[in-house]
Amino acid sequence: MRLRRGPTLSAYIWLSLGALYFIVPLFATLLFSLNKNSTGKCCTIASYTWVIHNGDFWHTLKISLLLAVETIVVSLLLFVPTIYWVHLKLPRLRPVIAFLALIPFVVPPIIMVIGLLKVYKGSPDWFYAKPWGFLVASYVILAFPYTFFSLDAGFRSIDVHTLTEASQSLGASWGTTLFKVILPNIRAAALSAAFLTLAVVLGEFTIANLSAFHTFPLFLQYVNETQAYPAAALTLMSFGLTWGAMLSLLLVGRKRGGSGGVFGGAR
Amino acid sequence: MFLFLPAGNVMLGAFNGKHGGWTIANVRLLFNHPYIDSYKTSIEVSGVTALLGGAVGLAVAYAALHERTPRWVRSVLTTFSGVAANFGGIPLAFAFIATLGSIGIVTAFLRDQLGFNIYLHGFNLFSKTGVEIVYLYFQLPLMVLVIAPAIDGLRREWREAASNLGASPWQFWRYVGLPVLMPSILGAIILLFGNAFAAYATAYGLTSGAVNLVPIQIGAYYSGNVLDNPHIAQAMAFGMFVVLALMMLIYIPLQRRAARWAK
């Protein structure tokens, strides 16, 4: 068999081109964020102090983080028992739910928000006019594919039937079975669902913008339009948040053995 | 599953909106100026980024997964792609403004150091080309993520078998490699197309709505800008839905075919 020599060289060319394409914008943003507001020259950390001393920054970041936590809690409360039940008793429903989970890919946020605004129009003020109600409901739907595919993989890797029978023959109730037996076994899956949801919610712009709730991405956009250099600092911080969530996800996934194709998020 | 009531309603809402008093006039309007133009722009941007992202992504993924490339390159690349495919929206748009915008770092570097002002030579980040460049930033890693398992599935034995039977590398690719990979590649490109087609926040952050994309138009209506007929936005959303649903219809059988060799 002939040894081929070509690919290694072209492989390195492709890889370095790819790497350049990804690193240059990040690096440029870093340089940009260090520029002085008055002169446009390097180097000062004024942009970062501006961000840290900005009340709106903390305010919107807090809103987004709280929204993320609430979305995660609601999603897990809703979907862990459901998917457990489907795996235990209704395995034939699984493909149907998997199909439903693809819907948010076909109906992107920009379409979804129109429908949601219409559907929820008649609902009471405490729900419709508050981010805690309307946005969380939207985000649970938006994050559903990620939650579902993570949890589904988790449930598939354990023996739901045996675990349930064992637990019940020892006299445990359904609640005890779910919380003390099933949940610890799918902890990694639940965690990766949570990190994905976190990344989705922290970056979500479309729905928040069109329903006029002031979340972190909206603050970012506002700064982008008004303050060039602090915006660069803020952009990097926001990338940092995404990095954090995704890297934690990959670490959790690695422990579970195999991370799978994880993609999507807010565009 | 109760939350699926709203989700189902969204679909119905799109249908209702389409008829807007039970007429198809709004949908027919879509095929006229200026609405058809946004579809053309959207489809062009999605098509270009899907094909370009697909081709380069394939090359990068193949380069990284090649037997003679060190292992660490591969794990760095997959980790990084996993993260970068999730970059997007407002921060990504601004990162590119800081890089290639009119006072961006790279723009300034080219102008001051090399004496070449790209803005005087027809380049503009806040245009269709600009949007395409930015979209590629998440399209490329997505391609790498989606196609990597398929490339991994190209078994080494096949190449060895082919070369034992006297096939040249070109013959291997022509008769074995590409036919096996083709469904995966096409599927991935469709996925990329849909991904770009649905993107809103990135284009909005970049141009504040100056580029005529379908999602931007829909958004413009809903954030209160003028569009005389309120149902037209819903009709446009419906049009988007049709395009994406079509993509899904092509994607699913391709996916099934691609799964044939995945063991």
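Read-outs throughout are calculated quantities, based only on the coordinates presented, and are distinct from any laboratory measurement. Keep in mind the model is a prediction, meaning the values are calculated, not measured. Because the Cβ atoms are built from the backbone with ideal geometry, glycine has one as well, and the counts that use them run over all protein chains shown.
Each residue of region B:136-146 was assigned a 3J(HN,Hα) from its phi angle through the Karplus curve 6.51 cos²θ - 1.76 cosθ + 1.60 (θ = phi - 60°); the sequence is 4, 4, 9, 5, 4, x, 4, 4, 4, 4, 6 Hz, with glycine and proline shown as x.
Remark: mean inter-chain Cβ contacts per residue of B:57-63 equal 5, using a 10 Å Cβ-Cβ cutoff to other protein chain atoms. For A:203-209, what's the mean count of beta carbons from other chains sitting within 10 Å of each residue's beta carbon? Neighbouring Cβ atoms belonging to other protein chains average 6 per residue here. Peptide A:83-89 has a mean shielding of 0, counted as Cβ atoms of other protein chains within 10 Å of each residue's Cβ.
Only aspartates and glutamates eight or more places from A:LYS62 in sequence, or on another chain, were considered; those with a Cα closer than 14 Å are A:GLU70.
Peptides A:182-190, B:194-202, B:241-249, A:95-103 ranked from most to least packed give B:194-202, A:182-190, B:241-249, A:95-103, packing being the mean of other C-beta atoms within 10 angstrom over each peptide's residues. Protection proxy ranking for B:187-193, A:227-233, A:25-31, using the average of other Cβ atoms within 10 Å per residue and placing the highest first: B:187-193, A:227-233, A:25-31.
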